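The values are calculated or read from the model by the stated rules, or taken from the named source; none is laboratory data. As the structure is a prediction and not an experimental result, all values here were calculated from the model. Don't worry about glycine lacking a Cβ; one is built from the backbone with ideal geometry, like all the others, and counts go over all protein chains shown.
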Amino acid sequence: MIEDMLRTPAAVQDAERHTAHNYHPLPVVISSAEGAWVTDVDGRRYLDCLAGYSALNFGHRHPALIAAAHAQLDKLTLTSRAFIHDQFADFCRALAALCGKELVLPMNTGAEAVETGIKVARKWGYQVKGVPAGQATIVVAEGNFHGRTTTIVSFSTDDDARADFGPYTPGFKIVPYGDLTALAEAVDETTVAVLLEPIQGEQGVVVPPAGYLPGVRQLCTERNVLFIADEIQSGLGRTGATFACELEGVVPDMYLLGKALGGGIVPVSAVAADADVLGVLRPGQHGSTFGGNPLACAVATEVVRLLATGEFQRRSTELGERLHAGLHALIGKGLVAVRGRGLWAGLDIDPALMSGREACERLMERGVLAKDTHGSTIRLAPPLTITAEEIDHAVAQLAAVLAG
């Protein structure tokens with residue numbers, strides 16, 4: 001039988017045999033990719049509508065990014081931050097300009113960027129704001145997802161992410177997302193920062209109420225508190241703007257960036273802020289062996305060049321309208337709600353029909369890859385290089401799944 005000749009089942013079993021559990025992946029084993037499409041070990045093609053949780057905003061193996069990586073591989077890959085390399089200044093200058101900030105601190109993963117932001121905010125609070133030593137607090141939102149380190153899961157409200165990883169790091173206050181009154185009540189003389197996702201990704205692409213982000217900005221300004229925007233998933237073109245904060249005309253004090261910054265090739269993250277914030281760090285007080293390495297900088301500089309054209313922000317806006325129109329047409333036909341901005345959507349499936357996991361498995365069988373979260377919700381975040389026809393194809397497959 002054909003099924004007996006497939007390589008996928010054995011490859012899945014082999015992967016399970018030699019790894020500890022973290023994610024719960026779909027049973028697809030990808031071996032190659034191009035643009036918005038991936039191919040598995042059995043030669044079957046799938047439309048990638050997750051794009052590495054926005055790490056692949058420019059699609060798989062974007063020619064300009066692959067060329068930048070190849071060119072750098074032939075010259076220099078790593079020096080550590082003990083030395084300066086010839087790609088470092090160009091990257092930092094370009095990213096600072098894109099963010100409208102004075103300084104950039106490169107790291108590797110999104111969690112590292114968040115940890116860096118926390119450390120900088122606390123140091124700023126002690127040295128600039130005058131918070132008594134050891135008393136700094138940061139206000140965060142329910143439903144947040146900022147990473148998996150022990151400090152970050154300490155202020156998670158997701159039991160799967162948090163349970164049994166204590167003792168937990170103190171210094172955080174959790175308030176409902178989108179509630180300005182609760183936020184204002186939580187901010188006091190010990191508060192050094194408000195840390196938020198402009199759109200909550202892992203929670204199911206939850207968009208805050210209109211006026212919320214401007215209200216956060218105003219409150220932080222009035223109370224002398226840093227507004228830290230975690231744009232690791234929402235930033236770099238995903239929502240139709242370079243940063244999701246721009247959709248509400250808001251400029252935070254600090255951007256936390258990652259995922260798409262590495263072009264889908266290498267892990268790259270960064271913190272961007274003005275000198276009066278990031279300037280509190282002195283040599284030896286923070287660091288990363290691989291942060292800002294030559295290969296990462298070469299690729300990320302090309303990412304910034306692609307974003308500087310505005311092409312991908314426009315694509316996300318225009319194609320996002322098409323995606324959301326198609327999805328909203330399915331409300332009442334298996335979907336109960338659709339949220340999102342640009343090429344980013346959270347879909348709530350009628351739980352009486354199926355779970356989010358079941359929906360993703362059925363989409364996979366129809367050649368479309370997506371990811372579930374929180375029961376009956378699935379997320380779509382296709383590469384910004386996707387075409388209108390490919391969007392229509394993905395929506396049609398979802399409609400067929402919902403129709404049973």
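Annotations for the structure displayed:
- Scope segment 238-262; condition among the acidic types (Asp, Glu) and not in a helix (DSSP H, G or I); matching residues: Asp253
- Only a single criterion out of (1) without any contact (Cβ under 8 Å) to a residue 12 or more places away in the chain; (2) surrounded by 12 or more Cβ atoms within 10 Å (Cβ to Cβ); (3) out of contact with any His (no Cβ under 9 Å at 6 or more places or on another chain) is not satisfied by Ala11, namely (1).
- When Thr191, Thr181 are checked against the criterion of being hydroxyl-bearing (Ser, Thr, Tyr), in contact with a Ser or Thr (Cβ under 9 Å, 6 or more places away or on another chain) and either crowded, with 21+ Cβ neighbours inside 10 Å or modelled with pLDDT of 95 or more (or both), a single residue qualifies: Thr191.
- Residue in segment 93-104 that is more than 14 Å from Ala273 (Cβ to Cβ) and among the charged types (D, E, K, R) present: yes
- Hey, Gly147 touching a helix residue (DSSP H, G or I) at 6+ places or on another chain (Cβ under 7 Å), in a loop (DSSP other than H, G, I, E, B) and farther than 18 Å from Gly279 by Cα or not: yes
Residue by residue, here is whether (1) closer than 26 Å to Gly258 by Cβ; (2) not charged (D, E, K, R) holds:
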| position | (1), (2) |
| --- | --- |
| Pro132 | no, yes |
| Glu142 | yes, no |
| Phe145 | yes, yes |
| Thr149 | yes, yes |
| Gly171 | yes, yes |
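- Where a residue in segment 391-404 is without any contact (Cβ under 8 Å) to a residue 12 or more places away in the chain and its partner, wherever it lies, is part of a helix (DSSP H, G or I), with Cβ under 9 Å and at least six apart: Ala396/Gly326
- Check on Asp48, more than 23 Å from Gly263 (Cβ to Cβ), at pLDDT 95 or above and surrounded by 13 or more Cβ atoms within 10 Å (Cβ to Cβ): no
- For segment 159-174, the set of residues classified as under 21 Å from the mean Cα position of the chain (by Cα) and touching a residue at least 24 places away in the same chain (Cβ under 8 Å) consists of Ile174 only.
- Unmet requirement for Arg17, which otherwise passes all of (1) among the basic types (Lys, Arg); (2) without any contact (Cβ under 8 Å) to a residue 40 or more places away in the chain; (3) within 30 Å of Leu347 (Cβ to Cβ): (3)
- If only residues of segment 215-233 that are assigned to a helix (DSSP H, G or I) and among the aliphatic types (A, V, I, L, M) are counted, the one that is surrounded by the most Cβ atoms within 10 Å (Cβ to Cβ) is Val216.
- Against the criterion of being farther than 29 Å from Leu98 by Cβ and surrounded by fewer than 23 Cβ atoms within 10 Å (Cβ to Cβ), Val153 qualifies.
Quick grid of which residues meet (1) of a type outside the set (Gly, Ala, Ser); (2) closer than 28 Å to Glu246 by Cα; (3) assigned to a loop (DSSP other than H, G, I, E, B); (4) not assigned by TED's automatic domain parsing to the domain that holds Thr289:
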| residue | (1), (2), (3), (4) |
| --- | --- |
| Ala68 | no, no, no, yes |
| Ser80 | no, no, yes, no |
| Ala89 | no, yes, no, no |
| Arg93 | yes, yes, no, no |
| Leu98 | yes, yes, no, no |
| Pro106 | yes, yes, no, no |
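- Within segment 194-208, the set of residues being crowded, with 22+ Cβ neighbours inside 10 Å, assigned to a strand (DSSP E or B) and not polar (S, T, N, Q) comprises Val194, Leu195, Leu196.
- The residue that is farthest from Val303 (Cα to Cα), among those in segment 361-390 that are among the hydroxyl-bearing types (Ser, Thr, Tyr) and touching a residue at least 40 places away in the same chain (Cβ under 8 Å), is Thr377.
- When each of Thr109, Thr19, Thr116, Thr77 is tested for being of a type in the set (Ser, Thr, Tyr) and touching a His at 6+ places or on another chain (Cβ under 7 Å), the lone residue that passes is Thr116.
- Odd one out for Tyr168, checked against (1) buried (at least 17 other Cβ atoms within 10 Å of the Cβ); (2) in a loop (DSSP other than H, G, I, E, B); (3) aromatic (Phe, Trp, Tyr): (1)
- Filtered residues of segment 6-51 (kept if in a helix (DSSP H, G or I) and either small (Gly, Ala, Ser) or not assigned by TED's automatic domain parsing to the domain that holds Met364 (or both)): Ala10, Ala11, Ala15, Ala51
- Residue match in segment 63-85 (condition: surrounded by 14 or more Cβ atoms within 10 Å (Cβ to Cβ), under 20 Å from the mean Cα position of the chain (by Cα) and modelled with pLDDT of 95 or more): yes
- Subset of segment 234-262 (residues that are surrounded by fewer than 24 Cβ atoms within 10 Å (Cβ to Cβ) and among the aromatic types (Phe, Trp, Tyr)): none
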